[in-house]
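Q: Before anything else, here's the structure in question.
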Amino acid sequence: MSTTAPPMVSFRHAVKTFPAKSGEVRAVDDVTLDIRTGEIFGVIGYSGAGKSTLVRLINALEPATAGEVIVDGQDVTALPERELRRVRAGIGMIFQQFNLLSSRTVAGNVGYALAVAGWPREERKDRIAELLDFVGLADKARQYPSQLSGGQKQRVGIARALATNPKILLADEATSALDPETTQDVLDLLRRVNSELGVTVVVITHEMDVVKYACDRVAVMEGGKVVEHGDVYSVFARPEHRATRRFVGTALRDRPSPAALERLRHRHPGRIVTVAVREDGASSTDLTRALREHPVDGTIIYGGIVEIAERPYGSLTLELAGEDAAIAGFITDLSSTTSVLDLGTAEHPLADPDAVGPRATTASPEGDEGPSSPTLPQAVDTDRLADADSPTWNPFTHLRRWRR
Amino acid sequence: MNNETDWDYLVPLLQKAFGETLWMVSISLLIAGVAGLALGLAVYVTRRGNFLENRIVFTVLNLLINTIRPIPFIIFVFAVGPLTMALVGRTIGIEAAIPPMAIMAAVAFARLVEQNLVALDPGVVEAARAMGASRWRIVWSVLIPEALGPLILAFTFLTIAVIDMSAVVGMIGAGGLGDFAIRHGYQRFNWEVVWATVAIIIVLVQLVQVLGNALARKALRR
Ligand SMILES: Nc1ncnc2c1ncn2[C@@H]1O[C@H](COP(=O)(O)OP(=O)(O)OP(=O)(O)O)[C@@H](O)[C@H]1O
Ligand SMILES: [Mg+2]
């Protein structure tokens, strides 16, 4: 991937509003973002965050309300419908529900894209065969979509999207209707599309695993805004925004949910801390060293470490036993090299502001921040978040930096 | 009831009536099929959120359909008398039966077409748009083929409804099986003739339904 090449897609203060009962919905709210040529770019966010609308600005299925959307050097917001059709033919798109024509065979579906692009009939056959071969469906050419599995349908969708040699492939929740194994297959295929054909791929998802597995860079969306973007590892290893932290938390489940923490406190009434484990691995070494050097006993009671972008990532939750002063010294020491989240004791509990999963017993009034994904039970409640920003509440003893 | 039904006399008349019914039904269906399809498509594409969204056109067409459809057909035949006069120059007879039948059938078919298109997954339209297909291309290469099976069933339903209407227009001397059954059966207390005609209509309707089902199944074979 070359960073010197001009970006394939540039959003410049892009805005898209829809009229709604009460005023308007800002589905995309002042987004400025570059998608580099040749990369796999992820867009992650909860339902209603504006992901689909954002990518629909790229092929102008939705016209932007304001701002610029420059695709391969051309501002598509300025183009008339006729020109747009030509631009769209150079951008492939695949969908969650596949959106195949049920009245046409597999070959007919792929051929349809060629017909729309004005390919002469006699050239279509070879191209169809070539595409079906690429996606591994050469033997299914004469079947109808209803005779295929979800994964096969999505492969047809990909073949169809690639028919006219697009430079960009947009994948809107392309794996959300598939089981984990099929998801993996389809993501592998998208990676091949990217590496073998050099197509820039934009993957929309609400699944952290998809981003983790397939993307080079990622943008996190919330309420129409891109709240954070960058390399997948840096975004997820040092999430700055609440939404990102929640994604990381749901995907890894390395930190106890409020309910789990409640249960932990019963069994472990002492001081509980969560220690971040990051790419260089120093943090777990540091932990061992700190436990040796301070008169503190640490028991691992919760945690998990996985790989993101092939680098270690996760956290360990420990119960600390010892003198208060020793524990404070231990935390200060450890905080100088990694981040430590203090969860307090059973007697004086502190909450994890980014906790995800079932809440503890006494629920506070419903304070949802917008619609949340159905797979995600419930996260932080807003009054805790409000507390988190107030100076009196400081769960992190020293930190706010998740150091390398 | 007559002791003896004079079938030698009636059979040629019945054949003629059958021919008239086929003629009225075919012409009305032809007009209603084309006009209804166009009207149904127009309502669909101008509907909110669709690609030729147009509040005014949608409202007018929708209102037109909703106004005509509930009118009882027998009243409608008389109500459009002046229009029929203007179109075919007379208000009785077989030609005069065609305008009211065609209009009523077109309106009914328009609604059926629209409903079947609305039931389509909008995703396929979006996919075609994303490929750069033009609007008209989407209409003929996506909407109609995707809805073909249900559209055939809708047309079958329409055919049967029009056969039904053709019996009613016997009232304005339009000939056909309905007229035959009334004139030679009902009015002479000859139930044999009435039931014979009813049997023919039932067989006709069954044939249409069987044919329609077979064609629809073929279209849905996917
Ligand atoms: N055609 C439309 N008309 C009105 N509002 C719309 C339209 N499309 C999207 N919206 C609104 O814009 C916001 C963003 O929608 P969008 O579909 O982009 O979200 P998303 O992140 O793709 O969500 P999901 O994960 O559910 O697909 C939502 O509030 C939605 O209700
Ligand atoms: Mg979406």
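The values are calculated or read from the model by the stated rules, or taken from the named source; none is laboratory data. Everything numeric here is computed off the predicted structure, so don't read it as measured data. Please note: Cβ atoms are built from the backbone with ideal geometry, for glycine as well, and neighbour counts cover all protein chains shown.
Q: What number of residues within the stretch A:159-183 are out of contact with any helix residue (DSSP H, G or I) (no Cβ under 6 Å at 6 or more places or on another chain) and of a type in the set (V, I, T)?
A: Residues that pass the stated criteria total 2.
Q: OK, next. Take A:A113 and tell me if it is within 11 Å of chain B (Cβ to nearest Cβ) and crowded, with 20+ Cβ neighbours inside 10 Å.
A: yes
Q: A follow-up question, please. If we only count helices (runs of 4 or more DSSP H) wholly inside the stretch B:1-97, which ones have 1 or more residues that are within 30 Å of B:I138 (Cβ to Cβ) and modelled with pLDDT of 90 or more?
A: Values: elements: B:7-46, B:55-68, B:73-79, B:81-88.
Fully inside the stretch B:1-97 and qualifying: B:7-46, B:55-68.
Q: Suppose we filter the stretch A:66-78 for residues that are more than 23 Å from A:L114 (Cβ to Cβ) and outside any strand (DSSP E or B); how many remain?
A: Number satisfying all stated conditions: 3.
Q: Collect the residues in the stretch A:93-107 that are more than 8 Å from chain B (Cβ to nearest Cβ) and either in contact with a Leu (Cβ under 8 Å, 6 or more places away or on another chain) or part of a strand (DSSP E or B) (or both), keeping them in residue-number order.
A: A:I94, A:V106, A:A107
Q: How about the stretch B:126-139: which of its residues are of a type in the set (A, V, I, L, M) and within 24 Å of A:N165 (Cβ to Cβ)? Step through it out loud before you land on a result.
A: Filtering the stretch B:126-139 down to residues of a type in the set (A, V, I, L, M) leaves B:127-128, B:130-131, B:133, B:138-139.
Correct list: B:A127, B:A128, B:A130, B:M131, B:A133, B:I138.
Q: Let me ask something additional. Confirm whether A:F11 is within 14 Å of chain B (Cβ to nearest Cβ), crowded, with 24+ Cβ neighbours inside 10 Å, of a type outside the set (A, V, I, L, M) and within 16 Å of ligand 1 (Cβ to nearest atom). Give the derivation first.
A: Values: within 14 Å of chain B (Cβ to nearest Cβ): no; crowded, with 24+ Cβ neighbours inside 10 Å: yes; of a type outside the set (A, V, I, L, M): yes; within 16 Å of ligand 1 (Cβ to nearest atom): yes.
Judged against the criteria, A:F11 is not a match.
Q: Restricting attention to the stretch A:54-65, does a residue exist that is more than 17 Å from B:A127 (Cα to Cα), more than 14 Å from every other protein chain (Cβ to nearest Cβ) and part of a strand (DSSP E or B)? Outline the logic, then answer.
A: We begin by selecting, within the stretch A:54-65, every residue more than 17 Å from B:A127 (Cα to Cα); these are A:64-65.
Okay, now just the ones that are also more than 14 Å from every other protein chain (Cβ to nearest Cβ), so A:64-65.
Still in the list and also part of a strand (DSSP E or B): none.
The answer is no; no qualifying residue exists.
For every residue, the table says whether it meets (1) away from ligand 1 (no atom under 13 Å from the Cβ); (2) under 27 Å from A:V248 (Cα atoms).
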| position | (1), (2) |
| --- | --- |
| A:K16 | no, no |
| A:E24 | no, no |
| A:V31 | no, yes |
| A:I40 | yes, yes |
| A:I44 | no, yes |
| A:K51 | no, yes |
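Q: Which one of these is more than 14 Å from every other protein chain (Cβ to nearest Cβ), assigned to a strand (DSSP E or B), modelled with pLDDT under 95 and within 16 Å of ligand 2 (Cβ to nearest atom): A:V25, A:V31? Let's see the steps before the verdict.
A: Values: A:V31 fails: modelled with pLDDT under 95.
It is A:V25.
Q: Enumerate the helices (runs of 4 or more DSSP H) found wholly within the stretch A:133-217, keeping only those where 1 or more residues are more than 16 Å from the chain's Cα centre (by Cα).
A: Numbers: elements: A:150-162, A:180-197, A:208-214.
Result: A:150-162, A:180-197.
Q: Evaluate the stretch B:78-100: report whether one residue or more is within 14 Å of another protein chain (Cβ to nearest Cβ) and not β-branched (V, I, T). Quick ask: steps written out before the conclusion?
A: Within the stretch B:78-100, the first condition is being within 14 Å of another protein chain (Cβ to nearest Cβ), and the residues that meet it are none.
No, there is no match, as no residue in the stretch B:78-100 is within 14 Å of another protein chain (Cβ to nearest Cβ) and not β-branched (V, I, T).
Q: In the stretch A:161-170, which residue that is surrounded by 23 or more Cβ atoms within 10 Å (Cβ to Cβ) and farther than 16 Å from A:R36 by Cα is nearest to ligand 2 (Cβ to nearest atom)?
A: Only one residue tops the list, namely A:A161.
Q: Which of the residues belonging to the stretch A:116-132 are part of a helix (DSSP H, G or I) and either within 12 Å of another protein chain (Cβ to nearest Cβ) or farther than 27 Å from A:R85 by Cβ (or both)? Steps first, please.
A: Keep residues of the stretch A:116-132 that are part of a helix (DSSP H, G or I), which gives A:116, A:121-132.
Matches in the stretch A:116-132: A:V116 only.
Q: I'd like to know if the stretch A:43-53 contains one or more residues that are more than 12 Å from ligand 2 (Cβ to nearest atom) and either closer than 29 Å to A:G198 by Cβ or surrounded by 17 or more Cβ atoms within 10 Å (Cβ to Cβ) (or both). Break it down into steps so the answer makes sense when it comes.
A: Keep residues of the stretch A:43-53 that are more than 12 Å from ligand 2 (Cβ to nearest atom), which gives none.
No; the residues of the stretch A:43-53 include none that is more than 12 Å from ligand 2 (Cβ to nearest atom) and either closer than 29 Å to A:G198 by Cβ or surrounded by 17 or more Cβ atoms within 10 Å (Cβ to Cβ) (or both).
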